[in-house]
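Asker: Got a structure here, written out as structure tokens. Questions coming.
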Amino acid sequence: MDELKILQVVGFKGSGKTTLMLELIRQAAASGKRVAAVKHHGHAGALDMPPATTDSMRFFNGGAESAIVYGGGAIQQHVRKEEAAVEELVAMAAKNGPDFIFIEGFKEAPYEKIVLLRSLGDWEELKSLSRIALVVSHEGVDVDASAVIARNETDRITQWFADWLERNSP
């Protein structure tokens with residue numbers, strides 16, 4: 001998995017992680033790159049699941065440790081697991097042969113990161129994370145970091161990411 005490049009997007013709730021992830025995925029796909037995405041569901045409670053009446057959910061709710069369904073060019077998998085390490089999820093995402101894996105969340109994971117900030121307080125809590133490649137700050141948040149772009153500077157973020165893709169392309 002050394003050739004597979006991984007980029008994380010981390011920050012606190014409401015910082016724009018999902019929005020930025022979507023932008024990165026779209027930009028990479030438009031460049032002809034195959035991307036897998038992994039997300040940490042940081043909200044309380046279980047994930048939203050398909051209706052209990054679907055066959056895969058009937059299998060899963062009946063006690064299957066995993067249920068996989070294929071149709072219309074897509075595979076859907078439900079796996080029962082009390083704890084899952086980010087490395088396990090990366091390995092699952094890597095099975096389909098992407099060029100890149102983008103991870104939303106899992107702040108402590110050891111991969112290169114884009115850190116999103118809503119406030120200076122966010123920076124105080126996040127500046128000690130490993131492998132920070134870029135800090136994207138909301139308007140008015142001024143931090144001391146080597147690579148900082150304001151969230152509203154979308155052209156600069158797009159260019160930074162295009163350069164990152166080029167440097168890290170297989």
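The values are calculated or read from the model by the stated rules, or taken from the named source; none is laboratory data. Being a predicted model, the structure only gives us computed values, none of them experimental. Cβ sites come from the backbone with ideal geometry, for glycine too, and all protein chains shown count toward neighbours.
Asker: Please state which one of Arg131, Arg118 is at positive phi and not hydroxyl-bearing (Ser, Thr, Tyr).
Answerer: Being at positive phi and not hydroxyl-bearing (Ser, Thr, Tyr) holds for just one of Arg131, Arg118, which is Arg131.
Asker: Now, a different point. Quick one: in segment 104-124, of everything that is over 14 Å from the mean Cα position of the chain (by Cα) and free of Cβ contacts under 8 Å to residues at least 40 places away in the same chain, which residue is surrounded by the most Cβ atoms within 10 Å (Cβ to Cβ)?
Answerer: Trp123
Asker: Another question, if that's okay. Is it the case, given these coordinates, that Ala85 is surrounded by fewer than 15 Cβ atoms within 10 Å (Cβ to Cβ), over 25 Å from Ser130 (Cα atoms) and among the hydrophobic types (A, V, I, L, M, F, W, C)?
Answerer: So Ala85 does not fit the description; no.
Asker: Next question. Please go through segment 108-149 and pick out each residue that is in a loop (DSSP other than H, G, I, E, B), of a type in the set (D, E, K, R) and closer than 30 Å to Gly32 by Cβ.
Answerer: Arg131
Rundown of residues vs (1) part of a helix (DSSP H, G or I); (2) among the hydrophobic types (A, V, I, L, M, F, W, C); (3) at pLDDT 85 or above; (4) farther than 29 Å from Ile132 by Cβ, yes/no style:
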site: Ser15; (1), (2), (3), (4): no, no, yes, no
site: Leu24; (1), (2), (3), (4): yes, yes, yes, no
site: His41; (1), (2), (3), (4): no, no, no, no
site: Met49; (1), (2), (3), (4): no, yes, no, yes
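Asker: Can you tell me which residues in segment 94-103 are under 16 Å from Ala84 (Cβ atoms) and surrounded by fewer than 19 Cβ atoms within 10 Å (Cβ to Cβ)?
Answerer: Ala94, Lys95
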